[in-house]
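The values are calculated or read from the model by the stated rules, or taken from the named source; none is laboratory data. Predicted model, so just to flag it, every value in this text is computed and none were measured. Cβ placement follows ideal geometry from the backbone for every residue including glycine, while neighbour counts extend to all protein chains displayed. Just so you know, the surface numbers come from the protein's heavy atoms only, side chains and all, with ligands and any DNA or RNA stripped out. Shrake-Rupley method; radii C 1.70, N 1.55, O 1.52, S 1.80 Å.
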Amino acid sequence: MQPNIALTPALTHALFQQNPDAVLVLDEWGNVLLANAAAGWLSSDGGYPHFVQLTGIPWPAELEMRPDGKRHWSRRLRIQGGDGEVRQVEASLFSITLAEQQAQPLFCCMLKDVTAIVQAARATQDHESRSKVTTDMAPVLIRMAGADGMCDWFNKSWLGFRGRTLGDELGEGWIDGVHPEDLERCLAIYSYCVEVREPFSMDYRLRRHDGVFRWVLDTGIPRFGRDGEFLGYIATALDITDRKELEDRLAERTRQLRLADRRREAFLAKLSHELRNPLAPIANAAAILRNLERGDPHLVTVREIIERQVAQLRRLITDLVDVTRVTQGQVVLQRERLDVDALIDSAIDEVLPETERRRQVLRVQRSIEPLACAGDAQRLSQALAALLGNAAKFSPDASAIVVAVRRREGMLEVSVRDLGRGIAPEFVPHAFELFAQADESLGHADGGLGVGLTIAKQIARLHDGDVQIESAGHRLGTTATLSLPLLAGADDAEKPVDDCDLARVAGRRVLIVEDNADARESLRMLVELGGNDVRTAANAAEGLRVVEHFAPELVVCDIGLPDVDGFELVQRLRDKLADQATRFIALTGYGRVEDRERALDSGFDSFYIKPLQPAR
């Protein structure tokens, strides 16, 4: 229902005066008869000029006839107001019919000031023109797209790269150059980003003018107008073929290095096994001599020589095979209760030839109270020997090296102090880095490889301890301190960390599965000295036949057997001996962390690395 409001003269006057645009009423000759308040800027000295003077165009003799029979005329004009300011206006002129008996024709001229709109549009156009000129000369490939995602402009670099015209690339023409294998992925990324008005980044192969596909990284950012209206994208594409080829080469190099690492690990595992196997019967023979020497000084001397040399060979093999694993914490620790004095004596024995050659004196300040720790005797002796070896190498001949033992806040501290070359303060933070050496330019022949401190620190950390060094500077000596957790009390001191000692097993039924004849026979002799009933097998099949008529209480099994490995054999033996209280021990030359974990997961109760230490 339309409201019942009459167009009264007062309402007509209000509409005329309150119109925001300038409104003029003209006579048939173009003179201004009436003007509203918004037309005040046209007035000069209280009057309004003739239409011709106002607009600068002739008074129209005839206006365009509209379908409704009325005459109308409109155009954009530049008009100078009474204040001298020129404005851009949208001008509309049309005839007015007031009544059928109207005495003279009248015209209405409406002037809408669009100066600000024109200036803004011109500024935007100028900016875009300047931007396009700039981007046209840029060395990167640039394109612009509208709100629908269709590309409407490409710079010269893009067109030169593609060898095509602007018309060829417009719209979706540019995607003809995208490699077919990349097209679906790129269109999915682009379409989604256009839909959500977000930046995009994608790499794909783009065909160059010579037909060669080159990898490009295409990155686009959305464009928005002043009112937040989405205008489209501007995107840049960089040729990254060289980078891609480098990445591919690096990826292949990485793959080759990983393959080489796996092969090296396999080789080291095999080398460890093959080198340790010959040591096992030698160590076993020394243990047998210990039981047979009966105080004979000659046999004692021979046995001690063998044990020392076996220990030396064991250390060399460990350094050869495990240097990387030690620094990465990937070693198997044979933990047991250790007497600190015995540990120090073992490390001193290793460096004694060096100190005697240099006529150096080792002064050991032992603790009054007995101290014990838990750990791998071989590894800890190796760490402490490294500290003693450094002190000997970098101290003058006939000088003194002091080894001091003390308890501190539940920790055992063994410090090695010398008055030798010392370490510059700036080098101290790097002393534990692998292969790092101070004063490399001096060319000291006795400087070593720079791995001793690194290995010592890592071994200490594997035992929840640490190694620290202090030095007052060049030629002012060095103090290196090894710290380890102490065993808490008497109960811990009396109970060994490892409760298996094959030399002390007595009155038991024992099965030994070992393919190395010397290792098998020497170990059999050692175990038989304890009054044990021992059976041996050279392979898995023979071991399975033995348990058909022999129920062992203890099975000592090598892992690297010729037919079936020890991992599988222990499972078969457990099935056959399911009703027996049998303990399974892996005694092997394989010493990796993963070997130990796999052995324990397979069913072994204990894991030992050949050769066994004399105490075992």
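Of the residues in the stretch 528-565, how many are among the charged types (D, E, K, R), more than 47 Å from the chain's Cα centre (by Cα), open to solvent by less than 60 Å² (accessible area, probe 1.4 Å) and at pLDDT below 90? Qualifying residue count, the stretch 528-565: 0. Residue check: LEU257 meets all listed conditions (1) within 19 Å of PRO139 (Cβ to Cβ); (2) within 28 Å of the chain's Cα centre (by Cα); (3) open to solvent by 50 Å² or more (accessible area, probe 1.4 Å) but one, namely (1). Only a single criterion out of (1) within 21 Å of LYS270 (Cα to Cα); (2) out of contact with any Ser or Thr (no Cβ under 6 Å at 6 or more places or on another chain) is not satisfied by PHE567, namely (2).
Rundown of residues vs (1) at positive phi; (2) modelled with pLDDT under 90; (3) not in a helix (DSSP H, G or I), yes/no style:
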residue: TRP174; (1), (2), (3): no, no, no
residue: ARG185; (1), (2), (3): no, no, no
residue: PRO222; (1), (2), (3): no, no, yes
residue: GLU265; (1), (2), (3): no, yes, no
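Quick check on the stretch 192-210. Is at least one of its residues open to solvent by less than 50 Å² (accessible area, probe 1.4 Å), in a helix (DSSP H, G or I) and within 15 Å of MET150 (Cα to Cα)? Yes, the conditions are met somewhere in the stretch 192-210.
This table checks each residue for (1) more than 15 Å from MET110 (Cβ to Cβ); (2) among the acidic types (Asp, Glu); (3) at pLDDT 80 or above.
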| residue | (1), (2), (3) |
| --- | --- |
| LEU11 | yes, no, yes |
| PHE16 | no, no, yes |
| PRO20 | no, no, yes |
| LEU26 | no, no, yes |
| TRP59 | yes, no, no |
| TRP73 | no, no, no |
| GLY82 | yes, no, yes |
| ALA91 | no, no, yes |
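One residue is enough: does the stretch 590-598 have a residue meeting the conditions open to solvent by 20 Å² or more (accessible area, probe 1.4 Å) and hydroxyl-bearing (Ser, Thr, Tyr)? Yes, because at least one residue in the stretch 590-598 is open to solvent by 20 Å² or more (accessible area, probe 1.4 Å) and hydroxyl-bearing (Ser, Thr, Tyr).
Limited to the stretch 404-422, what total is found for residues that are free of Cβ contacts under 8 Å to residues at least 60 places away in the same chain, buried (at least 19 other Cβ atoms within 10 Å of the Cβ) and out of contact with any Phe, Trp or Tyr (no Cβ under 9 Å at 6 or more places or on another chain)? Residues meeting the conditions: 0. For the stretch 211-248, taking the residues that are charged (D, E, K, R) and touching a strand residue (DSSP E or B) at 6+ places or on another chain (Cβ under 7 Å), the one that is least open to solvent (accessible area, probe 1.4 Å) is identified as ASP218. Under 30 Å from PRO396 (Cβ atoms), part of a helix (DSSP H, G or I), open to solvent by 50 Å² or more (accessible area, probe 1.4 Å) and modelled with pLDDT under 80: is that true of ARG290 in this structure? Taking the combined requirement at face value, the residue does not satisfy it. Among the criteria (1) farther than 25 Å from LEU333 by Cβ; (2) open to solvent by less than 40 Å² (accessible area, probe 1.4 Å); (3) in contact with a Leu (Cβ under 7 Å, 6 or more places away or on another chain), the one ARG508 does not fulfil is (2).
Is it the case, given these coordinates, that ALA493 is open to solvent by less than 40 Å² (accessible area, probe 1.4 Å) and at pLDDT 90 or above? Answer is no for this residue. For the stretch 4-29, a residue qualifies if it is within 22 Å of GLU85 (Cα to Cα) and not hydrophobic (A, V, I, L, M, F, W, C), and the qualifying residues are ASN19, PRO20, ASP21. Flag: GLU433 does not match the condition of being surrounded by fewer than 16 Cβ atoms within 10 Å (Cβ to Cβ), under 29 Å from GLY410 (Cα atoms) and at pLDDT 85 or above. In the stretch 346-401, the qualifying residues are those that are open to solvent by 20 Å² or more (accessible area, probe 1.4 Å), assigned to a helix (DSSP H, G or I) and of a type in the set (Lys, Arg), and the one that is farthest from ASP466 (Cα to Cα) is ARG357. Within the stretch 458-484, restricting attention to residues that are open to solvent by less than 10 Å² (accessible area, probe 1.4 Å) and part of a loop (DSSP other than H, G, I, E, B), the residue that is modelled with the lowest pLDDT is GLY473.
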